[in-house]
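The structure under discussion appears below in the form of structure tokens.
What follows is calculated from the coordinates using simple rules that are stated; it is not laboratory data. For clarity, every value in this text was computed on a predicted model and none was experimentally measured. Ideal geometry is used to build each Cβ from the backbone, glycine not excepted, and the neighbour counts take in all protein chains shown.
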Amino acid sequence: MVSTRNHPQDFAPEMSDEVAPQTPSKGSLSSTTMQSTTHPGSINQGSWSHTPSLLTLTWLAVSLPLVIWDTFYVFLRPHSMPGGKYQKPLWVPYELYGQVDHVYGWPAYNSGNGFTAAQSAVNVIECAGYFYYLYLVYAYGRTEGNVQGTGAPDKENVGKLAQSRTVYGKTAAQAVVLLYGVALMTLSKTVLYWLNEVFSGFAHIGHNSASDIFFLWALPNGLWIVLPIYLVYVSAKEILEGLQIAVSSTKKSQ
């Protein structure tokens, strides 16, 4: 979120001692107006801050291990496939999934279909981006129990789980832009994965029953559409709020 509460400023502005601070008129400052201070270490009411929601952190904690698991399966084929020396015990579930979705099964591998490995290569970039985002949050963030990220539940409902880490200033801006870009990459890749089936006449999953397609393909893969949409939405919202603050601050200084 973009915060306008009282937070320590990451970088104190350089101002001459001859410049006297202006006193705003009553009602001239809105809740999204950025203010600056004249002394290092003083409080900046308009400092950009970013607080990940509980849903964001939970989704990354669940999805990242699964994506890494999936990526290793693809790059270790055929050894990770049925009969391979690395299949058991890690990739036994892919024996069933490879029968449901031939992109992950023998038909795609034997035909030299490169789409499977291509989307896994994108997975590597995504994971690197998400891990760096988490590094920014946990290495530079501060734990604040009274702050909630966008989409976070009330602290009264989830207790200590509502405690959040907040990053400020330039680091916050980097984290938000990074989250937006990587989440958009995840969303685009997954939509492309679905469109590949649609425009190929469901060549890889059309042999399944409707119930199998829904429960074994659409439902699990759909999570990588719904949750990235949420991440793109909340991060884009924060970016727009930050731009509005910057524009408002620029207009007031003119």
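The protection proxy used here, the mean number of other Cβ atoms lying within 10 Å of each residue, ranks peptides 196-202, 119-125, 86-92, 171-177 as follows, highest first: 171-177, 119-125, 86-92, 196-202. Taking amide H as placed 1.01 Å from N in the peptide plane, the amide H of Arg77 sits under 5 Å from none that are at least 5 places away or on another chain. For the stretch 213-228, backbone phi angles converted through the Karplus equation (6.51, -1.76, 1.60; θ = phi - 60°) give residue-by-residue couplings of 4, 5, 7, 9, 10, 5, 5, x, 6, x, 4, 7, 10, 5, 5, x Hz, Gly and Pro being listed as x.
Cα convex hull, the stretch 52-253: 154 Å³ per residue, rounded to a whole number. Close amide-amide hydrogen proximity is noted between Ser164 and Glu144, Gly145, Val147, each under 5 Å apart and 5 or more residues distant or on a separate chain (H modeled in the peptide plane; Pro and chain starts excluded). Taking amide H positions as modeled 1.01 Å from N, with prolines and chain starts lacking one, the residues under 5 Å from Ser47 and 5 or more places away or on another chain are His7, Gln35.
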